[in-house]
Amino acid sequence: MFDVATAPYQTLERTTQWRHSVQNPVGERPNYQFLGPGEDSITLSGTLYPHFTGGRLSLDALRVMAEQGKGWPLIEGSGRLYGFWAVTKVRETSTHFMRDGVPKKIEFSVSLKRVDDKRLDLLAAALDAGLVATTGLLAKPLNKARNALSDGIRSVTRIPNL
């Protein structure tokens, strides 16, 4: 959903956390137990010039996505799948207004939180089923897609070039 013509972002900042439980035995250093993945967040920041790139409509589309309260696929332009992400905050600052009140420049940031989504598991299962039923020319591309999807699930979703 993000691309150069609508809402180009110049900065992608990602923070990934992992959870640990601590036990404090008497007279010893603390013991840590790994509990699994924690919160994963991304902030996309950029500048819009409404006469050349997307304007407020691009940001309003993100707000509509956020109001639905669900995760959206985040896929980088290279095809890297980041997983599913919920839009948690959209910030915009408009400056340099023309006579009609339309800004010449809009700076924005979009905050995203990673959400688990079973649709990735279903897609992977469908690809696996397709591999079993498919032979010949389709088997190799489907296997490659399945492997890419598995790698993406381990990492995260497409940055929808908004």
If we scan region 62-80, do we find a residue that is among the small types (Gly, Ala, Ser), closer than 24 Å to Asp40 by Cα, at pLDDT 90 or above and in a strand (DSSP E or B)?
no
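Mind listing just one residue for me: the one in region 99-118 that is outside any strand (DSSP E or B) and under 13 Å from the mean Cα position of the chain (by Cα) and, of those, nearest to Trp18 (Cα to Cα)?
Residue satisfying both the conditions and the ranking: Asp116.
Residue by residue, here is whether (1) crowded, with 18+ Cβ neighbours inside 10 Å; (2) hydrophobic (A, V, I, L, M, F, W, C); (3) without any contact (Cβ under 8 Å) to a residue 40 or more places away in the chain holds:
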{"site": "Gly77", "(1), (2), (3)": "no, no, no"}
{"site": "Arg80", "(1), (2), (3)": "no, no, no"}
{"site": "Gly83", "(1), (2), (3)": "yes, no, no"}
{"site": "Thr93", "(1), (2), (3)": "no, no, yes"}
{"site": "Met98", "(1), (2), (3)": "no, yes, yes"}
{"site": "Val102", "(1), (2), (3)": "no, yes, no"}
{"site": "Ile106", "(1), (2), (3)": "yes, yes, no"}
{"site": "Leu112", "(1), (2), (3)": "yes, yes, no"}
{"site": "Val115", "(1), (2), (3)": "no, yes, no"}
Subset of region 30-51 [closer than 15 Å to Ser94 by Cβ and not polar (S, T, N, Q)]:
Gly46, Leu48, Tyr49, Pro50, His51
Right, Glu13: closer than 30 Å to Phe97 by Cα, among the charged types (D, E, K, R) and surrounded by fewer than 17 Cβ atoms within 10 Å (Cβ to Cβ) or not?
yes
Select from region 21-60 the residues that are within 17 Å of Phe97 (Cα to Cα) and not in a helix (DSSP H, G or I) and list them in ascending order.
Thr47, Leu48, Tyr49, Pro50, His51, Phe52, Thr53, Gly54, Gly55
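The values are calculated or read from the model by the stated rules, or taken from the named source; none is laboratory data. All values derive from a computational prediction rather than experimental measurement. Neighbour counts are summed over all protein chains in view; Cβ atoms, including those assigned to glycine, are modelled from backbone coordinates with ideal geometry.
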